[in-house]
Amino acid sequence: MKAPTLRPRRTEPPEQGTEFVPIAEEARNEAPRATIDPDRSLRWLRRALPVMKAHKGIFITSLTLSFIGLVLQVQIPNLLQQAIGNSITHHTVPLSHYVWWIVGLGLVGAVMGYIARLLLFETAYDIEYDLRNIIYEHLTRMSFSFYDRVQSGQLISRANSDIRSVQMYMTFAPLIMVQCSIAVVAFIFMLTINVPLAFIAMATTPFVYITGVRMRRSMFPVSWIIQARLAEVATIVDENVNGVRVVKSFAAEQQQLRALSGAADKVQWGYIKDADLRARFTPLVQNLPQLGLVLVLLFGGYMVIHGQLGIGAILAFNAYLLMLQAPFMMLGMLIMMGQRAAASAERIYDIIDEEPTVTDKPDAVDLTDCKGDVRFSHVDFVYDSEAERLVLADFDLHIDPGETVALVGRTGAGKSTVARLLNRFYDVRHGSIQIDGHDVRDLTLSSLRANIGVVLDEPFLFSVSVRDNIAYGKPSATFDEVEAAARAAGAHEFITHLENGYDTVVGERGYTLSGGQRQRIAIARTLLVNPPIMVLDDATSAIDVQVEQMIHASLRVQMLGRTTLIIAHRLSTIALADRVVLLDQQKVVADGTHAELLESTPLYAEVLAQAAEFERDADLEGSDADVVGPDEDGRGLADLLESARGGAHR
Ligand SMILES: Nc1ncnc2c1ncn2[C@@H]1O[C@H](COP(=O)(O)OP(=O)(O)O)[C@@H](O)[C@H]1O
Ligand SMILES: [Mg+2]
């Protein structure tokens, strides 16, 4: 068989000119050049300063160019005034002299402005890229307890809109400041023309500032609320999309739509409030400079009439005031952007400030030559530190190297928790977990997890080919290895019947496959890594009993020499184990062979019977689409009950 390629190949050549040509040759995956200042007492912008500093070269060039461009443009009203005075009124200088100057200055100023903007946008995207990297990198380090709490919609919203608003402010605020600083230059020019009139013209600016501050105060809470509510909407949409199967199977579309429109109404309220405040303040901020024009006309006109001032001066003052209007308007915008950005930054920092709880110790060592001796001693654990009842309390379990142990217990007894603690998704509260005598907290996370293969009951598949999904833990695997793993997991058969065999790209989360098929791919994925310790957490629960029988033969071989913890409730699966451990009331209550437990512990038979009943109900809904066989576990249950009564052997 020809080794398949990793990506589906394009079937037809693209039309000329429509092909997407990426700018970068290769996707970059650099560590962010800067980080957010960890000092939480600082103001948000101050904390983000290192990110801006990382791009200071291009940023400062951009700002300098735009400053020079503006300074050139500020000359124009001055030239205008001179032209009117010297060329039009007194005829001492030819008019063309000024025209050329004004055209020249305008052109140079425009080119400067163009380059400045180009560089500014580049800075903006660089900063956005860095911020996104900082967040993503942080998210990859976060522990499970974090993901238990946060909603993915919230995360996605933070990673998109919040980064955007922070980036906008960080790049455009300095630009607007530069433009406002031109006001100072313009003011100096006005002073050189006429001192009293200059002060009169600028008389309105303090009011613009005061209005801006008041606007800032009233708008800040609203923009905060809007951001938070947008994230709520994102969460509902996210759940709608990811939970579409549940929504549809309960015909709950209307209910979901109601929830969405409820959340959207709340956003709308925020936006209306926002629009109201904006409508009230913006005209004020925009029109106060117009008042300046009127004042100039009144006082300047009086002076001209009395021969104290040339007519050109009024024109120049008007031109300056119009020029100042743009920065003042933008100052209003800047204030609004500032509020948004502050709210967004707080939410981003909320994530960044949260330290991962499960991390490598500074002196952590690698787990090498793992033999597979697993020991839980006096383990206390609870997910939520405020919860009163522990999930595990004084839990003890020892598994010898190469041994296969089945962990049995009621739903919610804490079986999956045991698996999660073993590869340190969470840390124990008291007691310890040791592998080959090493406390798991003294080992590096990467070496620990490389030595423990966990198959979960709800396996997640990526939207890549079946082959890539199986080779996920070992991308260098040859095709033969992938196929061998698939055979061992009982997956080879159905994979070859898929449209493109191993090259078939499975849909998002592998939903184009049945639950049992997904589980088999997940088992193959773990077998391929060949870990010395393996945990199967209800890993065959959705696999039809007949198929499971087939897998068992190969699993038995796979388990040889491998420490295996099987969490299961099917008799057939439990039969794979050397020993059975019953988990109840936070600890191990019985430990022995299947037959011993049947005899000694009535609870054991009860738990198994309950599980079998539960499974029969589930089977009626068809848990595995590709094979529907007789209800083996039903028979198993009958045997079990009989043997429990008669005290027969396994
Ligand atoms: N991520 C979590 N956060 C908080 N509580 C949890 C979490 N996962 C499980 N629990 C709780 O811990 C207990 C044990 O869960 P689990 O180990 O999944 O049980 P089992 O696998 O035996 O069905 C249950 O009461 C469950 O509600
Ligand atoms: Mg479980």
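For residues that are free of Cβ contacts under 8 Å to residues at least 60 places away in the same chain and over 21 Å from VAL580 (Cα atoms), scanning just the range 370-383, find the one that is surrounded by the most Cβ atoms within 10 Å (Cβ to Cβ). In this case the residue turns out to be PHE381.
When we screen PHE395, PHE425, PHE460 for residues that are surrounded by fewer than 16 Cβ atoms within 10 Å (Cβ to Cβ), within 16 Å of ligand 2 (Cβ to nearest atom) and not acidic (Asp, Glu), the only hit is PHE460. Scanning the range 215-266 for residues that are out of contact with any Lys or Arg (no Cβ under 7 Å at 6 or more places or on another chain), surrounded by 12 or more Cβ atoms within 10 Å (Cβ to Cβ) and of a type in the set (Lys, Arg) yields one hit, ARG216.
Conditions (1) within 16 Å of ligand 1 (Cβ to nearest atom); (2) among the hydrophobic types (A, V, I, L, M, F, W, C); (3) at pLDDT below 95, marked per residue:
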{"position": "CYS370", "(1), (2), (3)": "no, yes, yes"}
{"position": "ALA419", "(1), (2), (3)": "yes, yes, yes"}
{"position": "THR444", "(1), (2), (3)": "no, no, yes"}
{"position": "ASN451", "(1), (2), (3)": "no, no, yes"}
{"position": "LEU461", "(1), (2), (3)": "no, yes, yes"}
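Of the residues that make up the range 365-381, is at least one among the hydrophobic types (A, V, I, L, M, F, W, C) and within 16 Å of ligand 2 (Cβ to nearest atom)? Checked the range 365-381: at least one residue is among the hydrophobic types (A, V, I, L, M, F, W, C) and within 16 Å of ligand 2 (Cβ to nearest atom). When ALA259 is tested against (1) within 16 Å of PRO77 (Cβ to Cβ); (2) under 49 Å from the mean Cα position of the chain (by Cα); (3) small (Gly, Ala, Ser), only condition (1) is not met. Has the range 347-368 got at least one residue that is over 28 Å from LEU139 (Cα atoms), more than 16 Å from ligand 1 (Cβ to nearest atom) and surrounded by 15 or more Cβ atoms within 10 Å (Cβ to Cβ)? No; the residues of the range 347-368 include none that is over 28 Å from LEU139 (Cα atoms), more than 16 Å from ligand 1 (Cβ to nearest atom) and surrounded by 15 or more Cβ atoms within 10 Å (Cβ to Cβ). Looking at VAL108, VAL93, just one residue is in a helix (DSSP H, G or I) and among the aliphatic types (A, V, I, L, M), and that residue is VAL108. When the test is whether a residue is within 16 Å of ligand 1 (Cβ to nearest atom) and farther than 30 Å from GLU499 by Cα, VAL382 passes it. Checking every residue in the range 384-403 against the condition of being in contact with a helix residue (DSSP H, G or I) (Cβ under 8 Å, 6 or more places away or on another chain), in contact (Cβ under 8 Å) with a residue 60 or more places away in the chain and under 24 Å from ILE521 (Cα atoms) gives zero matches. Could you check, for the range 488-507, whether at least one of its residues is assigned to a helix (DSSP H, G or I), buried (at least 22 other Cβ atoms within 10 Å of the Cβ) and over 36 Å from the mean Cα position of the chain (by Cα)? No, the conditions are met nowhere in the range 488-507. Screening LEU443 with (1) crowded, with 16+ Cβ neighbours inside 10 Å; (2) over 30 Å from the mean Cα position of the chain (by Cα) gives one miss only, at (2).
Tallying residues that are under 15 Å from PHE59 (Cβ atoms) and either out of contact with any Phe, Trp or Tyr (no Cβ under 9 Å at 6 or more places or on another chain) or of a type outside the set (Val, Ile, Thr) (or both) within the range 153-179 yields 10. Have a look at LEU560, LEU536 and point out the one that is among the aliphatic types (A, V, I, L, M), at pLDDT below 90 and either assigned by TED's automatic domain parsing to the domain that holds ILE452 or in contact with a helix residue (DSSP H, G or I) (Cβ under 7 Å, 6 or more places away or on another chain) (or both). Answer to the selection: LEU560.
Against the condition at pLDDT 90 or above, buried (at least 21 other Cβ atoms within 10 Å of the Cβ), within 30 Å of ASP369 (Cβ to Cβ) and out of contact with any Cys (no Cβ under 7 Å at 6 or more places or on another chain), how does VAL588 come out, does it pass? Considered against the rule, which asks whether it is at pLDDT 90 or above, buried (at least 21 other Cβ atoms within 10 Å of the Cβ), within 30 Å of ASP369 (Cβ to Cβ) and out of contact with any Cys (no Cβ under 7 Å at 6 or more places or on another chain), VAL588 comes out as no.
Residues being under 26 Å from ILE188 (Cα atoms) and modelled with pLDDT of 90 or more are represented in the range 48-61 by at least one member.
The values are calculated or read from the model by the stated rules, or taken from the named source; none is laboratory data. For clarity, every value in this text was computed on a predicted model and none was experimentally measured. Note that each Cβ is placed from the backbone with ideal geometry, even for glycine, and that neighbours are counted across all protein chains shown.
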